[in-house]
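Here is the structure we will look at.
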Amino acid sequence: MRRAGRVVHDVLARMAEMVVPGATTAELNEAAEALIAEAGGIALFKGQRTPSARFPFPAALCTSVNEELVHGIPCDRVLIKGDIVSVDCGVQLEGFCGDSARTFEVGKVSPRTKHLVDVTRRALEVAVEGIRPHRMWSEIAKEIQAYVEGEGLSVVREFVGHGIGKDMHEEPKVPNFWSRQQAAHDFELVPNLVIAVEPMVNLGRRDVGLGDKDGWVIVTRDREYAAHFEHTIAVGEKGADVLTSGG
């Protein structure tokens, strides 16, 4: 899984170089597909289906711009100064999966937008720092939620992280918030458990919904910007082992 995670890391590192004003999300995807193929990997998102969508997902990357939260389809859209783009990448290599996401600023962005990106990145760091054997996930979820809401932003409820291993989506579900209704689904962080932790944060209200007739892209209902960071993380004997860090 670390080898799969390294491929994902390398793809996102390349995206960091390519995300500039004038680039298109299709160009990002083309480069990612080439890197994944060169590494001998399989692009996990390509061909995925969902009940709401009219067709299988057509790309290796999800490229979600501005008010798009997740599942943005790469296209000829030109990125402009002030945009943000969340790039999500999943790879299977030698039968094991890695999944990671980062939100990139396109040139100089507004102070509000920069705050959103910085807080969402930090929310993932809060999770990484909090993971250690035998804690309950609810403790981490509460810490993520408290941090984000303390910064005046909103945690998305409809989409959460997940277990990951030989399949991209495995149990358990890994929320970034906590409620009484979730108590029955809490889980212990046992050594060697691997989860994909992915805070999704909105500038405005937390509500999201479908944003296109094809049934893929998810957008904020108030059309404020959204950000998304993710790592594949193994629970080690002493704490978090981030498998998509490139180490």
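Nothing in this text is a laboratory measurement; each read-out follows from the coordinates by a stated rule. Values in this document were obtained by computation on a predicted structure and should not be read as measured data. Please note: Cβ atoms are built from the backbone with ideal geometry, for glycine as well, and neighbour counts cover all protein chains shown.
Here is a yes/no grid of residues against (1) over 15 Å from R157 (Cβ atoms); (2) touching a strand residue (DSSP E or B) at 6+ places or on another chain (Cβ under 7 Å):
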position	(1), (2)
E198	no, yes
N202	no, yes
R206	no, yes
V217	yes, yes
R223	yes, no
H228	no, yes
L243	yes, yes
G247	yes, no
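Each row is one residue, and each column tells you yes or no for (1) without any contact (Cβ under 8 Å) to a residue 24 or more places away in the chain; (2) in contact with an Asp or Glu (Cβ under 8 Å, 6 or more places away or on another chain); (3) aliphatic (A, V, I, L, M); (4) under 22 Å from L69 (Cβ atoms).
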site	(1), (2), (3), (4)
L153	no, no, yes, yes
F177	no, no, no, yes
Q182	no, no, no, yes
E188	no, no, no, no
P191	no, yes, no, no
V197	no, yes, yes, yes
Task: Residues satisfying the stated conditions in segment 183-216, i.e. buried (at least 20 other Cβ atoms within 10 Å of the Cβ) and either on the phi > 0 side of the Ramachandran plot or hydrophobic (A, V, I, L, M, F, W, C) (or both) - done: L189, I195, A196, V197, M200, V201, L203, V208, W216
TODO: Look through segment 191-226, keep the residues that are touching a His at 6+ places or on another chain (Cβ under 7 Å) and in a loop (DSSP other than H, G, I, E, B), and return whichever of them is nearest to C97 (Cα to Cα).
DONE: E198
TODO: Counting only residues that are among the β-branched types (V, I, T), under 15 Å from the mean Cα position of the chain (by Cα) and under 23 Å from N202 (Cα atoms), give me the strands (runs of 3 or more DSSP E) lying completely in segment 1-120 with at least 2 of them.
DONE: 61-65, 84-93
Open item on the list: Scan segment 127-143 and tell me whether some residue there is within 18 Å of the chain's Cα centre (by Cα), free of Cβ contacts under 8 Å to residues at least 60 places away in the same chain and closer than 26 Å to A16 by Cβ.
Closed with: no
- [ ] Go through (1) surrounded by fewer than 18 Cβ atoms within 10 Å (Cβ to Cβ); (2) small (G, A, S); (3) assigned to a strand (DSSP E or B) one by one and return the number of the condition A234 breaks.
- [x] (1)
Open item on the list: So, A146, is that one surrounded by fewer than 15 Cβ atoms within 10 Å (Cβ to Cβ) and free of Cβ contacts under 8 Å to residues at least 12 places away in the same chain or not?
Closed with: yes
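Okay, residues lined up against (1) in contact with a Lys or Arg (Cβ under 7 Å, 6 or more places away or on another chain); (2) crowded, with 18+ Cβ neighbours inside 10 Å; (3) over 20 Å from V217 (Cβ atoms):
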{"position": "A16", "(1), (2), (3)": "no, no, yes"}
{"position": "P21", "(1), (2), (3)": "yes, no, yes"}
{"position": "L28", "(1), (2), (3)": "no, yes, no"}
{"position": "E33", "(1), (2), (3)": "no, no, no"}
{"position": "L44", "(1), (2), (3)": "no, yes, no"}
{"position": "G47", "(1), (2), (3)": "no, no, no"}
{"position": "P51", "(1), (2), (3)": "no, no, no"}
{"position": "F57", "(1), (2), (3)": "yes, yes, no"}
- [ ] Return yes when P133 is surrounded by fewer than 17 Cβ atoms within 10 Å (Cβ to Cβ) and touching a Pro at 6+ places or on another chain (Cβ under 7 Å) and no when it is not.
- [x] yes
